[in-house]
Every structure is written in structure tokens, then in C-alpha cells.
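Worksheet: one structure, shown below.
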Amino acid sequence: PARSAYARHGSEGAVANPMIQLLEALEDARRAKDPGADWLNLITVDSEGFPVARIMTIRDASPECFVVTATRESPKMRELEDNGRYEAHLFWPKVLGQVRMRGGYRIEDPPELARGWGARAYGGKIVDLYQVHCRPQSSVVASREVLLRELADLRQQFPADQAIEKPAEVVNLVLLPDFLELWIGDATDRMHDRRRYTRRGDDWLEEILVP
């Protein structure tokens, strides 16, 4: 992302919505074919207070939110239901940019999700179906052989040459940031540009941070 990606100042110390500039930076990373451009690291907090991180595919992004897809009974969804805490991290090594975000969330199951799920690769559909019909995501299985055998049985039940309906348990997890931290690296002298944005009502406030 370029330095122009930072939010522009408005009146009384408020700045324009930094999510708009974040989207521009995301598109810069995609144009640069950055390997991390379409990934998001979602960190939740488990029942013992430990952070739990996993890489997820960004399904959509707008000036309001970032969207990923999950199953309702996955650990991440249970952890969000239990305590509501998460942090999402974007990292673009090719263009030396990273972002942290926190905030609220909502769960959606819009018609376009079913259409997008229908266009997925067959193997991805089978994995989702396995998590719904056989074993929840991250649950323990006796062996790799058991896993492969159960997946093979599921492929017979849901063959690739037939239409497969999206399970109701597959939903969009919509992340609604009210806190952003943007970091733009400088490889020459390590004088990175680091800024924090916090939503206050309808306004966003900017703070400059020590690199």
C-alpha cells in the first residue's frame, strides 16, 4: 500500500473512513500479486483464555466490513459466541503492509452465499459437508485412514455430477471493525509508518504510533 492509502483528515481531528483507503491498499496488493492479498488471519480467544489463530479466505470486503465463510459449529464460531472477542490480521509481504482490526461481527446467510458455494470446487464442498454430517471442524478422528474412508463414503452420497445444496450451517461471518492499525514498512531505515484508527460514533480518529 502507498502512503496515500492513509485516511484524509476532516474537521475536529476526525478523518475519513480508513476502511475506504484499506480497500484501495488491498487492491494494490492484489495488483502486485502479493501472496497474502486474499487471506485474513482470524484470532479468537478460547475457553482457557488462549488466542487461537487461523488463516481464512477473504470472501468480500467493503467500507463497512470484511467477510469470511465458516460453519456454525466451528471452534471460531463457538469462541465468538462465548466471548465476542477477535482480532483480524492482514499481511502483504510483497508491498510491506499489514493491518490489525477489531470490532463487532454478525452472521449472515444471504442468497449470494448459496450461489458462491455452488461454484466452489467439489473437494471444498465435500469438506464442508463432512463437517456438517460427520464430524465438526477440529474434532478428533481416530486416524487419517478413518478420515479418508469417511470422506470417500460422503463422495458416494454426494457425487460430483449431481447438484449439491449448500448446508444451512455454512454462513458468512461478517467482521465489522471499529479499530484499525495500519503499518506501512520502510525497508531502508525501518522508519515504518504506523497509525491507529478508532471509531467514535460516526467518526474515525487517527493516532500516529511509534514504529
Rounded FRET efficiency, nearest 0.05, which uses the C-beta distance separating Val141 from Ala119 and R0 of 41 Å:
0.90
Note the angle between two axes, namely the Cα long axis of helix 144-157 and the longest principal axis of the Cα atoms of the chain, as a number of degrees from 0 to 90, rounded to the nearest 10.
80 degrees
Quickly rank 64-70, 143-149 as a protection proxy: mean count of other C-beta atoms within 10 Å, highest first.
64-70, 143-149
What are the ³J(HN,Hα) values, in whole Hz, obtained from phi via the Karplus relation 6.51 cos²θ - 1.76 cosθ + 1.60 with θ = phi - 60°, for each residue of the stretch 200-211 in sequence order, with x given for Gly and Pro?
10, x, 8, 9, 10, 9, 10, 10, 8, 10, 5, x
Under-5 Å amide H pairs with Asp60, H placed in peptide plane, nonlocal only:
Val67
Determine, for each peptide in 88-97, 189-198, the mean count of other beta carbons within 10 angstrom over its residues, then list the peptides with the highest first.
88-97, 189-198
Computed over the chain: longest principal axis from alpha-carbon atoms vs helix 18-31 long axis, angle to nearest 10 degrees, is 70 degrees
Between beta-carbons, use under 11 Å as the cut-off and find the net charge around Pro211, counting Lys and Arg +1, Asp and Glu -1.
0
Per residue, how large is the accessible surface of the chain? Use a 1.4 angstrom probe and give square angstrom.
56 Å²
Environment charge at Ala61 (Cβ cut-off 13 Å; Lys +1, Arg +1, Asp -1, Glu -1)
-3
Which ³J(HN,Hα) values in Hz, rounded to whole numbers, follow from the phi angles of the stretch 43-56 under the Karplus curve 6.51 cos²θ - 1.76 cosθ + 1.60, where θ = phi - 60° and Gly and Pro get x?
10, 10, 10, 7, 5, 9, x, 8, x, 10, 10, 8, 8, 10
Provide the convex hull volume over Cα atoms per residue for the chain, in Å³.
157 Å³
Under Karplus coefficients 6.51, -1.76 and 1.60, residue-wise ³J(HN,Hα) of the stretch 82-90 in Hz, glycine/proline x
6, 9, x, 9, 7, 9, 10, 10, 10
So how exposed is Tyr86, as accessible area in Å² (1.4 Å probe, rounded to 10)?
20 Å²
How high is the FRET efficiency from Arg200 to Ala168, r the C-beta distance, R0 30 Å, rounded to 0.05?
0.20
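The values are calculated or read from the model by the stated rules, or taken from the named source; none is laboratory data. Predicted model only: the values in this text are computed from it and were never measured. All Cβ positions, even for glycine, are placed from backbone atoms using ideal geometry, and neighbour counts span all protein chains on display. With ligands, DNA and RNA removed, areas are computed over all heavy atoms of the protein, side chains included. Shrake-Rupley method; radii C 1.70, N 1.55, O 1.52, S 1.80 Å.
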